[in-house]
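Worksheet: the structure to be examined is printed underneath.
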């Protein structure tokens with residue numbers, strides 16, 4: 001599963017239409033370049049690849065203000081919307097050690113109906129508990145991880161990570177059940193994208209050859 005595909009599809013969808021630099025700016029605004037592979041090259045590659053796959057529609061627009069070639073704006077297609085929600089739902093319930101996928105899914109959580117979001121989070125908890133039961137039965141000795149020397153601390157780390165993830169997910173589900181945030185069908189949700197020309201306080205300042213396209 002790819003976090004970059006979910007992030008890029010979600011950013012384009014929230015804008016309606018967006019060029020590559022806007023998408024990059026938004027992902028940096030969310031800090032995604034720190035916790036995922038959302039680097040400039042990966043973003044532009046994902047945009048072009050998903051346009052070829054029919055998930056995005058590429059529009060050629062007027063030349064950029066920098067005087068370069070026409071800028072390409074992307075718009076999500078019906079297939080792209082289906083893929084976005086498929087990735088979102090799968091990312092919310094999948095348990096693994098890659099937090100970038102989970103982080104991307106949480107960023108788009110409010111795109112779902114509240115009841116579905118809560119149900120997916122509870123399914124995630126069930127899968128974490130299932131994973132924990134399986135690995136502790138097979139790999140964690142009754143006398144503790146020390147029986148395996150320092151190697152036992154690897155599984156100890158994973159089990160503690162699972163416990164922390166389950167506790168955090170349980171807390172989020174409870175907050176949502178109490179009415180936190182605005183979800184699909186409830187009104188205007190919070191949208192954390194930057195307007196055209198709005199300064200990004202978290203921009204890396206690094207340029208990419210396609211930033212002006």
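Which residues, taken from the range 24-48, are in a helix (DSSP H, G or I) and touching a helix residue (DSSP H, G or I) at 6+ places or on another chain (Cβ under 7 Å)?
Answer for the range 24-48, where residues must be in a helix (DSSP H, G or I) and touching a helix residue (DSSP H, G or I) at 6+ places or on another chain (Cβ under 7 Å): 24, 26, 27, 32, 33, 35, 40, 42, 43, 44, 46, 47.
Take the conditions out of contact with any strand residue (DSSP E or B) (no Cβ under 6 Å at 6 or more places or on another chain) and at pLDDT 90 or above and apply them to residue 148. Does it pass?
When the stated conditions are applied, residue 148 does not pass them.
In this structure, is residue 51 at pLDDT 95 or above and buried (at least 19 other Cβ atoms within 10 Å of the Cβ)?
Here the answer is no, as residue 51 does not meet what is asked.
Can residue 81 be described as in contact with a strand residue (DSSP E or B) (Cβ under 8 Å, 6 or more places away or on another chain) and not assigned by TED's automatic domain parsing to the domain that holds residue 160?
No.
Across the range 86-105, what is the number of residues that are in a helix (DSSP H, G or I) and surrounded by fewer than 15 Cβ atoms within 10 Å (Cβ to Cβ)?
So the answer is 3.
The values are calculated or read from the model by the stated rules, or taken from the named source; none is laboratory data. None of these values were measured; they are calculated from a predicted model. Glycine also receives a Cβ, built like all others from the backbone with ideal geometry; neighbour counts cover every protein chain displayed.
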